[in-house]
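No value in this document is a laboratory result; all are computed from the given coordinates. All of these numbers come straight from a predicted model, not from anything done at the bench. When we count neighbours, we look across all protein chains shown, and the Cβ atoms used for this are built from the backbone with ideal geometry, even at glycine.
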Amino acid sequence: MSEVLVGIDPRDLSVPALVWAADEAVRRGARLRLIVAVPPVHDRLPHAAVAHLSALRVRAESMLGNAEDLVRGLHDELSTATEIVHGVPAAVLCERTPDATLTVVGSRRLGRAAEVFSEGSVAVPLTARADCPVVVIREPGNTSVHPALIVVGVDGSPECRAAVAFAMAEASLREARLRAVWVWPRPLLSHSDGDEGLAERRRLLAESIVDLSIRHPDVDVEQVVVRGHPVEELSRASLEALAVVVGRRGRGGYTGMRLGSTVHGLLHHAECPVITVPPPTAGGAVGSPSGADRSRARPDRPAPAG
């Protein structure tokens, strides 16, 4: 059975992330795996570290129980599994992503430096290294717009194709509209701009989605080319979206870079969940949610915590 992973923070339960993950698991007919990582203790004497670690474990068990109760209240029929693991949270979750359909985490709203360098950071290192799409819930999606809207950033790079594929499939699952947005940076020199450049980008945008649109004829796709900064324009589009979908690294990256600047910016500024899609691997394509036939899995008994 495919699985949707959700990371549970033992210090502060992210209800929006848990609700999103549970809904996605039901939508895909997948099992929901709730994971709490108990971080290592480095700043205490050995005897104090043991006591502190024990207290963290007790808190983790309590938070995991609360999370499972909430999920059962939402979807009594949902198959779930629970896990408490000792280790750095981002690393624990990353190790489990190769077999997952989707991984969902809340945002602790850390500053940029803390997101990159703090051992407790989860969103950035997980997004940069996961083998499946990662949803970071900083703000809940807009549910007042009907029909629902999903936004995907397109730049013509190979990485964006996986993002478009995922966004198209997600829109189909949710019976939502899809807005494909190509952000065209403003020129440094005014004479380097023109109608010809705009027409070329519209052509490239259409080429980026045409094959996938054929696979999902039920999805209403809007194609938009806008001038400006990618983070600013996609954040503006996020105001009315359920989610913004982007590739892990676009044309602005460099060799060896795991996460593009647009993703970094959106994780801090988007007004809805941000879904980052890794490039496809040699073993198969990323971007088609498992369980797309909407079949529901028969509930299993919850796995014991630990």
Given a Förster distance of 45 Å, report the FRET efficiency between Met1 and Leu239 from their Cβ-Cβ distance, rounded to the nearest 0.05. 0.80
Those residues of segment 214-245 whose amide nitrogen sits under 17 Å from the label point placed on Ala199, 7 Å along Cα→Cβ: 225
Quick one: if you stick a label point 7 Å off each Cα along the C-beta vector at Ile214 and His269, how many nm between them? 3.7 nm
Please give, to one decimal in nm, the separation of the simple spin-label points placed at Leu70 and Val224, each 7 Å out from Cα toward the Cβ. 3.0 nm
Taking 0.36 nm per residue of separation between Glu77 and Ala51 and subtracting their Cα-Cα distance, the length gained on full extension comes to 5.6 nm
